[in-house]
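Working notes, structure below.
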Amino acid sequence: MIYKLRISTHIVNAFILFASLSSCKKEIHTKPESASKPNIVLINVDDLGWKDLGYMGSNYYETPNIDQLAKDGMVFTNAYAGAANCAPSRACLISGLNTPRHGVFTVSPSDRGDRRTRKIVPIKNTKHLTNEVYTLPKMLKSAGYKTANFGKWHVGENPAEQGIDYNVGGSGKGNPGKDGYFSPYNIDFIEDGPKGEYLTDRLTNEAISFIEKNKASSFFVYLPYYTVHTPIMGKEALVEKFKKKQGSHGQDRADYAAMVASMDENVGKLLKSLRDSGLENNTLIIFTSDNGGIRSISSQTPLKAGKGSYYEGGIRVPFIVKWPNHVKAGGKNTNTVSQLDIYPTLQQIVGAPDKASILDGIDITPQLKHSDNTLTRDLYFHFPIYLQAYNPGKDDARDPLFRTRPGSVIISGNWKLHEYFEDHAYELYNLKEDISEQHNLAASHPEKVKELSHKLNAWRLSMNAPVPNEKNPEYDPVFEMNKIKKVLEKAEKRN
């Protein structure tokens, strides 16, 4: 009996060893396949300025988690949004197409500001992407990804019709509404939480829950926080904390700082969940903002102007990419990149079988692998519309009545050319020497203006970009002049 028991034990042990080896063999076989297709988390903060983070030099805002993300990943210092405000920027990111292709030039309508101060009739705006657009989530679904959105979608009424499998809080709405950062909520596709629940916390918790349920799959988590868009509403304890802290360089609003701090806390919570789930090494994280910050809320000095303007403060954005074992930690990349590059880059990385037929960005995986890999390219912006001023005394725009009047922009190497359709004027800047866009070199560098204007015009023709040229019959130059005078007098008194 003892002998038989020993034989049985040996057989059992051999069977366990064989099963264990088979299991190991299977694991070895599947790991390279999963590792070649990373999970993707794209964090797109609303209206967060280029200088509103600790790693970008802010001494007032506290962003330890994002600062650590910057250390663990690659920071792009010359990154640009596809447009200067919410709807067109997001449409560019999600479609991979520049504004003339999809027609979303602004948050409708396009004829903002007093009609008597508009010299030409702006191009009519398209509100959202059509459901026929082959979006970034649709492309990722073709590669086997489960896709989710948590927060501000703003490129269509229902993300489910544009490639999103699971959605919390996303629709055509562009902000959370009055008192909207605390439950009960005013946005769509979300159930109210306990009274007083903070929206940024809720969206992060929903994202973490989705990741936990789908960690065995390849997933794409799009986390476009409503924060830090108006209304400016922070948690009371954090607001009180920042009221006691000394501001600096035009960054001193305690309620806004509280929103930034909550956003950072939640980014940290999400990153921790990825580590705890064992997913960190196979997750590609992109952190950015949809456009520049509102200058009257938070100064972006040395950048000029802010959201809605095509000066640097309106279009230059924070941009971090973290992908362990693929992107070198601590890298700083000075190449000019765009959020239009996100789509083609991810398409290349995931090896999508159904690729987009047209994309206006480029694949920047060579720059992700080597921060010193020089990228030569031009960036183009087209905005045949009007955007009225937020705060004439603080906007730092070209015009006290508008953040933007109709025009186009090209960035080519160190040079940037603004072309305005109303008065056929040009502004030329050397960004390497004058990042603040204070010294217009158009008169002293006519050959450079000619070179860049030819490029800009050729690009518009290739894109079939609509250029407004119809004169506005209601334009009143005397009224405009008097209004400018009154606005400037009022701003001077306020300051």
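Sorted largest first, the spans of the alpha carbon positions of the chain along the three principal axes are 112, 50, 40 Å. Dividing the mean sequence gap of close Cα pairs (under 8 Å, 6+ apart) by how many residues region 37-375 holds gives a relative contact order of 31 percent. Rounded to the nearest 20, the size of the Cβ-charge dipole of the chain about its Cα centre is 620 debye, with Lys and Arg at +1 and Asp and Glu at -1. Rg of the Cα atoms in region 336-495, relative to 2.2 N^0.38 Å, amounts to 1.28.
Binning the alpha carbon pair distances of region 388-479 at 10 angstrom intervals from zero yields the distribution 14, 41, 34, 11, 0, expressed in whole percent. The angle between the Cα long axis of helix 477-494 and the longest principal axis of the Cα atoms of the chain comes to about 60 degrees, rounded to the nearest 10. Taking the C-alpha atoms only, the angle from helix 86-95 to the longest principal axis of the chain is near 50 degrees.
Of the trypsin sites (Lys or Arg not before Pro) in region 115-223, the ones in a loop by DSSP (not H, G, I, E or B) with at most 12 other beta carbons within 10 Å are LYS178, LYS195. Helix content alone sets the calculated 222 nm mean residue ellipticity of the chain: runs of n ≥ 4 DSSP H residues at -39500 (n - 2.57) each, divided across all residues, give -10500 deg cm²/dmol.
Report, to the nearest 10°, how far helix 199-213 tilts away from the longest principal axis of the Cα atoms in the chain, using its own Cα long axis and a range of 0 to 90°. Helix 199-213 sits roughly 30 degrees off the main axis of the chain. Here LYS146 is the anchor, and the aspartates and glutamates within straight C-alpha reach of less than 19 Å, apart from those fewer than 8 places off in the same chain, are GLU33, GLU161, ASP165, GLU206, GLU212, GLU280, ASP354. So if I take the centroid of the Cα atoms in region 473-491 and the same for region 110-142, what is the distance between those two points in Å? A separation of 28 Å, based on Cα centres. Strictly over 23 Å apart at the Cα level, which of LYS416/LYS485; LYS332/LYS432; LYS241/LYS493; LYS127/LYS307; LYS215/LYS272; LYS152/LYS235 would you flag in this model? Table pairs above 23 Å Cα-Cα are LYS416/LYS485; LYS241/LYS493.
The spread of Cα positions in region 229-321, taken along each principal axis and listed from longest to shortest, comes to 42, 34, 22 Å. Bridging of LYS486 to lysines at a Cα separation below 21 Å is possible for LYS119, LYS394, once same-chain residues fewer than 8 apart are set aside. The ranking of VAL327, VAL104 by Cβ neighbour count inside 10 Å, starting from the fewest, reads VAL327, VAL104.
In terms of other Cβ atoms within 10 Å, MET259, MET481, MET233, MET56 run from fewest to most in the order MET481, MET56, MET233, MET259.
Taking the number of Cβ atoms within 10 Å of each Cβ as an exposure proxy, the fewest-first ranking of PHE105, PHE182 is PHE182, PHE105.
Quick note: the coordinates plus some simple rules give every number you see, no bench work behind them. Note that the structure is predicted; figures quoted are calculated from it, not measured. No Cβ is skipped: glycine too gets one built from the backbone with ideal geometry, and neighbour counts run over all protein chains shown.
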